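K.L.:
This is the structure I have questions about; it appears just below.
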Amino acid sequence: MREMRLHRRKVEDPKIIREILDECSVMRIGIRDEEGMFIVPVNYGYELEEEDGYLRLTLYFHGAGEGRKAEALAADPETAIEMDCRHEVITGDYSCSYSYAYRSIMGNGKAVLLTGEEEKKYALTRLMEHMAPGTVIEFGPEALARTNVYRINVAHFTAKERKRKP
């Protein structure tokens, strides 16, 4: 994979990466179909595990069983992901010295359509735990049957942080 241009902004600490995953509320997925590339904002849930010094990120999202997103993912599961938070303008002394503070995660992987009821419940539980912690979680069979639930096995990702200067 390509090296990050501003290496000093790279985040490798699993604790901070988990903070970013917890703090962001929307993930954007980049996918393509016969009309071209497009980006879709989705709510998400996640798992971040460390194995032999390597961080493994798994993301979960859901959507309708029909429409452009569902059709595109069925035809080509390759997916780019992006999420960001802690947005703040960094002012400068002149126009071109302004900048932006943020935290972000970007990566890519393959979206897998989950079909089993238990795996769909597991994924949707991760999503609800992220989006609405403490909420009573229940999934009716009708809702599970009509909802597409996806897992993205993230093949590669980077986390980045630009802090406001003191």
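The values are calculated or read from the model by the stated rules, or taken from the named source; none is laboratory data. None of these values were measured; they are calculated from a predicted model. For neighbour counting, all protein chains shown are included, and Cβ atoms are generated from backbone atoms with ideal geometry for every residue, glycine included. Surface areas here come from the heavy atoms of the whole protein model, side chains and all, with no ligands, DNA or RNA. Shrake-Rupley method; radii C 1.70, N 1.55, O 1.52, S 1.80 Å.
K.L.:
From the list E50, E82, E78, which one is open to solvent by 90 Å² or more (accessible area, probe 1.4 Å) and touching a Lys or Arg at 6+ places or on another chain (Cβ under 8 Å)? It would help to see each step written out before you state the result.
P.N.:
On the way: E82 fails: open to solvent by 90 Å² or more (accessible area, probe 1.4 Å); E78 fails: open to solvent by 90 Å² or more (accessible area, probe 1.4 Å).
After ruling out the rest, the residue left standing is E50.
K.L.:
Considering region 114-125 alone, what residues qualify as being within 16 Å of the chain's Cα centre (by Cα) and open to solvent by 10 Å² or more (accessible area, probe 1.4 Å)?
P.N.:
Within region 114-125, the subset within 16 Å of the chain's Cα centre (by Cα) is 123-125.
Correct list: L124, T125.
K.L.:
Within region 15-32, track down each residue that is more than 19 Å from K69 (Cα to Cα), open to solvent by 40 Å² or more (accessible area, probe 1.4 Å) and not charged (D, E, K, R).
P.N.:
Taking region 15-32 and keeping what is more than 19 Å from K69 (Cα to Cα), we get 15-25.
Of the ones still in play, those that are also open to solvent by 40 Å² or more (accessible area, probe 1.4 Å) are 15-16, 18-19, 22-23, 25.
Matches in region 15-32: I16, S25.
K.L.:
Separate question: Within region 145-160, can one find any residue that is touching a residue at least 60 places away in the same chain (Cβ under 8 Å), farther than 16 Å from I20 by Cα, touching a helix residue (DSSP H, G or I) at 6+ places or on another chain (Cβ under 8 Å) and open to solvent by 40 Å² or more (accessible area, probe 1.4 Å)?
P.N.:
yes
K.L.:
State whether one or more residues within region 86-96 are more than 25 Å from D33 (Cα to Cα), within 16 Å of the chain's Cα centre (by Cα), surrounded by 14 or more Cβ atoms within 10 Å (Cβ to Cβ) and not β-branched (V, I, T).
P.N.:
Taking every residue of region 86-96 in turn, at least one turns out to be more than 25 Å from D33 (Cα to Cα), within 16 Å of the chain's Cα centre (by Cα), surrounded by 14 or more Cβ atoms within 10 Å (Cβ to Cβ) and not β-branched (V, I, T).
K.L.:
Same structure again: What are the residue pairs meeting all of these: first residue in region 20-43, first residue closer than 17 Å to H62 by Cα and assigned to a loop (DSSP other than H, G, I, E, B), second residue of a type outside the set (S, T, N, Q) and open to solvent by 20 Å² or more (accessible area, probe 1.4 Å), Cβ atoms under 6 Å, and 6 or more apart or on different chains?
P.N.:
Taking only residues 6 or more apart or on different chains, the pairs are V26/P41; N43/M131.
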